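Undergrad: Below you'll find the structure I mean.
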Amino acid sequence: MSSEIEVEEITDQSAAGNEEIGGGVQQQQEEEESLKNDVYTAAAYGDLEKLRNLVESEGCSLTKPDDLGYRALQWAALNNRVAAAQYILERGADVNAVDLTGQTALHWSAVRGSIQVAELLLEEGARANAADIYGYQTTHVAAQYGQTAFIYHIVTKWNADPDIPDNEGRSPLHWAAYKGFADSIRLLLFLDAHRGRQDKEGCTPLHWAAIRGNLEACTVLVQAGKKDDLMVADNTGLTPAQLASDKNHRQVAFFLGNARKLFEKRYEGAFGRLSKLGLAPALLFVIFGLLLTYINSVIMASNLPKLTAGSAFFAWMGVLFASSGLILFYRCSCKDPGFIKPNRNESKDTTDEPLLKIDILDPALVAGNWSQLCATCKIVRPLRAKHCSTCERCVEQFDHHCPWVSNCVGKKNKWDFVGFLVLEVFAMSLTGAVALTRLVTDPLAPSSFGAWLQHVGNQHVGVLLFLVSDFSLFIGVAALTVMQISQVGRNITTNEMANMMRYNYLRGPGGRFRNPYDHGCKKNCSDFLINGYNEDIEIIESAPQSEGINMMPISSNNNNTSLNLTMQNGGVVAGHSHQTNGHGRHVHGEGHGRGHDHVHSSGCSHGTSNKPKTDSSAPLGLGLGLGRGTRSRGAL
């Protein structure tokens, strides 16, 4: 099954000898002009002048299909030729005319995501929900080719159905999952596509993503789903994980199996219940216990000398730092970390009107930043916000979920979190130093080290336990504090550090890591200390200007050229072919495939190869199938 269409130039080297002929250049120019000598190819090229000449001077019809049933309007729609499409419609072409497979020009516009020409067609009365003989609507076709922006436009503005099943029970989400288009999956889930829909083979979108070994597609579906999605069996009794294993997609099989275990631990096991409750009470108990031990066994100990004024100052400063840290601990645990209000409970009046649920002019969606869609919360979140699977909420400037504070660490409570860590490090340093000094300066302690250890173990058990606990905690807390302060100085989060190669906004030219929010250590730290957080202000770097790329790039060639619209990865050719042989004879053919190999397996044949089979009979790749039997439909 192919994923895109591109224009290829096929050169006939047998005509190279013509270059030596004096009139060869003129002959080649005439041959190139002959490429546009019918309305179908002229429409595909967008050659409006040639199109006018063919219609108005030579009497060619724009309403009749070619010998294989394809129409000029379809070719113009495929390549986003707005002017040509406008002219064809003005000359009386039916905007809803279909070819032999029931596909309209709007279907063809979805292949390449030709939004401009699709807008024209829809304004002229094209039916957004028109289906071909296989039940494919424009949303199916757009999902097959990963045209996320096209789906967004036609659903939000023209109310196309993003969750309609085709004749085999497969929705656009099935197709996007099968083809591995993660952005299209995010958008369809955001638009309330049913992730648990089973087709006639009993397969959900997750089944199809697993069959093809699309790890990112599986990740998006699992993150937006529940444990039950991993347990659904198809008509052969296999779950997505079992299908992935059967197809030898080991990484996907491991991910799905591990995801199931994580769901069970998170929601069913003792660890899951404990993680929901959080470890904050346990940490609070430990801190209070250490404080009481320190006061009772170190400061107020009757078997140790009385503290001097200087020693008492440092001893009680440790208590003050620890107590102040507890205040920040409470704030961090109870404070809103930057939760973004979810949009899960839409009213009945808005479920059928996507325009009422999302802002069509949202800058993130207009810019095509589909990663900002949260399929779970149904919101368009800020770029640095991420969804916490434990809290089940999106958090601004998400750093991490900390079980020790029973809360996420985000934009609104990171200052409290860092302050808590710093104060506790100071407290542990001071109290540890005071306790060790008290033991070393004990006048009753023997001078030899072995005897001294025995004396401490017998006479000062509380101090010894405190020192061991204090030192053990200090190592972990100090390391975490250094890491957090370092990240504040660079204005980056723990989550971004862990996923720096996954997030596009953290990659610069050449794919190398670049933090657009790093304004220098001094400014980053001052903003954090004063405001309590860092603003999401990007550093704009001037990028070199790049040359524009046409929708259908065709360069001049002195040799004989044929225009072919070739389906990559599937081998399907659909195009007008104009060639000359080595003797100068002109051969004109139309390279459209006719018909579909419309064969489905009644069940899932898991022993077949997972590589797509080539079938040149599928016109334009729009009749694509998901059959897993010994023969598959379309270009599978």
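All of the numbers you see were taken from the coordinates with simple rules; none came from a lab. Model, not experiment: these values are computed from the prediction. Virtual Cβ from ideal backbone geometry, glycine too; neighbours counted across all protein chains shown.
Undergrad: Sorted from fewest to most neighbouring beta carbons within 10 Å, what does the list Leu320, Leu444, Leu328 look like?
TA: Leu444, Leu320, Leu328
Undergrad: For region 158-221, compute Rh as the Kirkwood radius over C-alpha pairs and then the Stokes-Einstein diffusion coefficient at 4 °C and 1.567 mPa s; write the answer in µm²/s, rounded to an integer. Mind showing how you got there, number by number?
TA: Numbers: Rh = 11.3 Å.
Rounded, D is 115 µm²/s.
Undergrad: Given contacts defined as C-alpha pairs under 8 Å and at least six residues apart, what's the relative contact order of region 35-270, whole-number percent?
TA: Details: 415 pairs, mean separation 24.8, N = 236.
The normalised contact order for region 35-270 reaches 10 percent.
Undergrad: Give me Thr494, Thr239 ranked fewest to most by other Cβ atoms within 10 Å of their Cβ, as a rough exposure proxy.
TA: On the way: Thr494 16, Thr239 21.
In order of increasing Cβ crowding within 10 Å: Thr494, Thr239.
Undergrad: Can you bin every Cα-Cα distance in region 178-314 into 10 Å intervals starting at zero and give me the percent of pairs per bin, rounded to whole numbers?
TA: So the P(r) values, bin by bin, are 11, 29, 19, 10, 9, 9, 10, 4, 0.
Undergrad: Could you go through region 115-121 in sequence order and give the Karplus-derived ³J(HN,Hα) for each residue, using 6.51 cos²θ - 1.76 cosθ + 1.60 with θ = phi - 60°, rounded to whole Hz, and x for Gly and Pro?
TA: The phi angles translate into 5, 5, 6, 5, 4, 4, 4 Hz.
Undergrad: If you don't mind, there's one more thing I want to ask. Counting only residues 5 or more places away or on other chains, whose amide H sits under 5 Å from the amide H of Arg507 once H atoms are built in the peptide plane?
TA: Answer set, sorted by chain and number: Arg514.
Undergrad: Starting at the first residue of region 300-306, write each ³J(HN,Hα) from the Karplus equation 6.51 cos²θ - 1.76 cosθ + 1.60 with θ = phi - 60°, in whole Hz, x for Gly and Pro.
TA: Taking θ as phi minus 60°, the curve returns 9, 5, 7, 9, 10, x, 5 Hz for region 300-306.
Undergrad: Report, to two decimal places, the Cα Rg of region 427-542 normalised by 2.2 N^0.38 Å (N = number of residues).
TA: On the way: Rg = 23.3 Å, N = 116, 2.2 N^0.38 = 13.4 Å.
That ratio works out to 1.74.
Undergrad: Mean projection of the alpha-carbon convex hull of region 348-504 over all orientations, in nm²? Don't skip to the end; give the middle numbers.
TA: Values: hull surface 56.0 nm².
So the mean shadow area of the Cα hull is 14.0 nm².
Undergrad: For a Förster distance of 41 Å, can you work out the FRET efficiency between the beta-carbons of Arg512 and Lys200, rounded to the nearest 0.05?
TA: Details: r = 47 Å, r/R0 = 1.14.
Here the calculated transfer efficiency is 0.30.
Undergrad: Rounded to two decimals, what is the ratio between the C-alpha radius of gyration of region 35-270 and 2.2 N^0.38 Å? Display every interim value, and only then the final one.
TA: Working: Rg = 21.3 Å, N = 236, 2.2 N^0.38 = 17.5 Å.
Dividing the Cα radius of gyration by 2.2 N^0.38 Å gives 1.21.
Undergrad: Here is a further query. Near the amide H of Lys386, under 5 Å away, which other amide H atoms are found, from residues 5 or more places off or on another chain, if H is placed in the peptide plane?
TA: Amide H to amide H, under 5 Å and 5 or more residues apart or across chains, Lys386 pairs with Val395, Gln397, Phe398.
Undergrad: Using only alpha carbons, build the gyration tensor for region 66-186 and give me the equivalent ellipsoid semi-axes, biggest first, whole Å. Spell out each step's value before the answer.
TA: Values: eigenvalues 108, 46, 28 Å².
After diagonalising the Cα gyration tensor, the semi-axes are 23, 15, 12 Å.
Undergrad: Let me ask something else. Gain in length, Asp67 to Arg250, computed as 0.36 nm per residue apart minus the alpha-carbon separation, to one decimal in nm? Numbers along the way, then the final one.
TA: Details: separation 183, 0.36 × 183 = 65.88 nm, distance 4.76 nm.
Extra length from Asp67 to Arg250 when fully extended: 61.1 nm.
Undergrad: Would you please calculate the Kirkwood hydrodynamic radius of region 30-137 over all C-alpha pairs and express it in Å, rounded to one decimal? Display every interim value, and only then the final one.
TA: Working: mean 1/r = 0.0734 Å⁻¹.
Its Kirkwood hydrodynamic radius stands at 13.6 Å.
Undergrad: Which value in nm describes the separation of the simple spin-label points at Ser324 and Asp536, placed 7 Å from the Cα toward the beta carbon?
TA: It works out to 3.3 nm between the two label points.
Undergrad: Shifting gears a bit: How would Glu424, Glu168 line up from fewest to most surrounding beta-carbon atoms within 10 angstrom? Please list the in-between numbers first.
TA: Numbers: Glu424 24, Glu168 17.
Arranged by neighbour count, lowest to highest, Glu424, Glu168 become Glu168, Glu424.
Undergrad: Give the peptides 209-220, 226-237, 504-515, 128-139 in descending order of average Cβ contacts within 10 Å, highest first.
TA: Those peptides, ordered most packed to least, come out 209-220, 128-139, 226-237, 504-515.
Undergrad: Stretched out fully, how many nm does the piece from Gln223 to Asp336 gain, at 0.36 nm a residue minus the Cα gap?
TA: On the way: separation 113, 0.36 × 113 = 40.68 nm, distance 2.28 nm.
Stretched out fully, the Gln223 to Asp336 stretch lengthens by 38.4 nm.
Undergrad: Convert each backbone phi in region 50-59 into a coupling constant with the Karplus relation 6.51 cos²θ - 1.76 cosθ + 1.60 (shift: θ = phi - 60°), then list the ³J(HN,Hα) values in order as whole Hz, x for Gly and Pro.
TA: 5, 5, 4, 5, 5, 7, 7, 9, 9, x
Undergrad: If I take the Cα coordinates of region 457-504 and project them onto the principal axes, what are the three extents in Å, biggest first?
TA: 60, 19, 8
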